[in-house]
1. Of all strands (runs of 3 or more DSSP E) completely enclosed by region 163-280, which ones contain at least 1 residues that are in contact with a Lys or Arg (Cβ under 9 Å, 6 or more places away or on another chain)?
2. Determine if region 92-100 includes at least one residue that is in contact (Cβ under 8 Å) with a residue 12 or more places away in the chain, among the small types (Gly, Ala, Ser) and surrounded by 16 or more Cβ atoms within 10 Å (Cβ to Cβ).
3. List the number of the failed condition for Tyr24; all other conditions in (1) aromatic (Phe, Trp, Tyr); (2) closer than 23 Å to Asp135 by Cα; (3) touching a residue at least 40 places away in the same chain (Cβ under 8 Å); (4) open to solvent by 70 Å² or more (accessible area, probe 1.4 Å) hold.
4. Please go through region 143-190 and give me each residue that is modelled with pLDDT under 95, surrounded by 17 or more Cβ atoms within 10 Å (Cβ to Cβ) and not aliphatic (A, V, I, L, M), ordered by number.
5. In this structure, is Leu282 in contact with a helix residue (DSSP H, G or I) (Cβ under 8 Å, 6 or more places away or on another chain), of a type outside the set (Val, Ile, Thr), surrounded by 15 or more Cβ atoms within 10 Å (Cβ to Cβ) and free of Cβ contacts under 8 Å to residues at least 40 places away in the same chain?
6. Which one of these does Val70 not meet: (1) at pLDDT 95 or above; (2) open to solvent by 80 Å² or more (accessible area, probe 1.4 Å)?
7. Within region 103-120, which residues are surrounded by fewer than 16 Cβ atoms within 10 Å (Cβ to Cβ) and aliphatic (A, V, I, L, M)?
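The values are calculated or read from the model by the stated rules, or taken from the named source; none is laboratory data. In this text the structure is predicted, and so the values were computed from the model without any measurement. Cβ placement follows ideal geometry from the backbone for every residue including glycine, while neighbour counts extend to all protein chains displayed. These accessible areas exclude ligands, DNA and RNA; they are computed on the full protein's heavy atoms, side chains included. Shrake-Rupley method; radii C 1.70, N 1.55, O 1.52, S 1.80 Å.
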Amino acid sequence: FAAFGEATYDFNDRLSVTAGARYYDFEEERTITSGGLFANGDSGQVDKTDSDGVTPRVMVKYDVSDSVSVNAQASQGFRLGGVNDPLNVPLCTDEDEAIFGGFQDYDDEKLWNYETGVKMRKGGVTLNAAVFYTDITDLQVTLDAGSCSSRISFNVRDAHTAGVEFELSAEPAEGVVLSLAGSFLNAEFDATVRDGDGNVIGGIEDGNRLASVPEVQLAATASFNFPIDIWSASSEGFASASIQHVGSRYTQPSDQVAGAGEFVSGLPYGGAPGTDVTAVDLELDAYQILNVNTGVDFESWSILAYVTNLTDENAELAFDRERGGRA
């Protein structure tokens, strides 16, 4: 359960301060039921996770004029920790069991977000923009546990994201609305995780990119509304198109390590020696999605035609692997 509240104090007509906090109390309990050839005798194991605390927020807003305001805020975020599923030990090599067997549970993830922004609206043009920096402690990272066909989550002591977000819209003519939104992000680890021999685990190294975070995202939309007379009824036609660009990403931190995309099964079968290398580029390419729609609004009903992903883009969303790439 949780409780949240905040209050705003107006110092004058232009300056206001908002402060608030959220109290949370989490409790989770689970029982594992497992079996089969690769189980490890873990059935009936009971795991518990609990956490409580307070996350605050404070924001200062100043109205420069009737059409321009600036703000700055600091806020804390939280994500509950937990317990990993047991490793499929019969599938693990001794090395992978030694490396990943110690990450049974993981702590809460917390962050502080510092942000300053501006909001403007004048003459049919609206602009919202913000610059932010997020300091993350005990970042929860998920990796494949090598050959074990298991996935584990564990904590990385420090990481950060920093960037710019913006939204711009305009009405250059009656019935015409244009908009552009985007973000430019830098998201990196600020700590390195090593095994007992000093080797970096899973690409989690100071300066490497965080997984699943594109450096650039952009979205543009154009819409047009116009009066139309059909069957002598009052109605309005509309048409719009939107295009979204998502930059390159990595599925897991280890995907950016040199040689990460070179897989060798080690399993001779059907005349294949099992020593051949299958090379895959693990950086997920940027992609663009184009959507269009058009239709008519009547007083009490509408008709709409649309196409999603008009160019039939086959976007790379993630790279999945099992048993260290053997599958």
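1. Hits in region 163-280: 176-189.
2. no
3. (4)
4. Those that are modelled with pLDDT under 95, surrounded by 17 or more Cβ atoms within 10 Å (Cβ to Cβ) and not aliphatic (A, V, I, L, M): Asp144, Gly146, Ser147, Cys148, Ser149, Ser150, Ser153, Phe154, Asn155.
5. On the way: in contact with a helix residue (DSSP H, G or I) (Cβ under 8 Å, 6 or more places away or on another chain): yes; of a type outside the set (Val, Ile, Thr): yes; surrounded by 15 or more Cβ atoms within 10 Å (Cβ to Cβ): yes; free of Cβ contacts under 8 Å to residues at least 40 places away in the same chain: yes.
Here the answer is yes, as Leu282 does meet what is asked.
6. Looking at each condition in turn, Val70 falls short on (2).
7. The answer is Val118, and nothing else.
Each row is one residue, and each column tells you yes or no for (1) more than 23 Å from the chain's Cα centre (by Cα); (2) of a type in the set (S, T, N, Q); (3) under 22 Å from Asn208 (Cα atoms).
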| site | (1), (2), (3) |
| --- | --- |
| Gln252 | no, yes, yes |
| Leu282 | no, no, yes |
| Val292 | yes, no, no |
| Asn314 | no, yes, no |
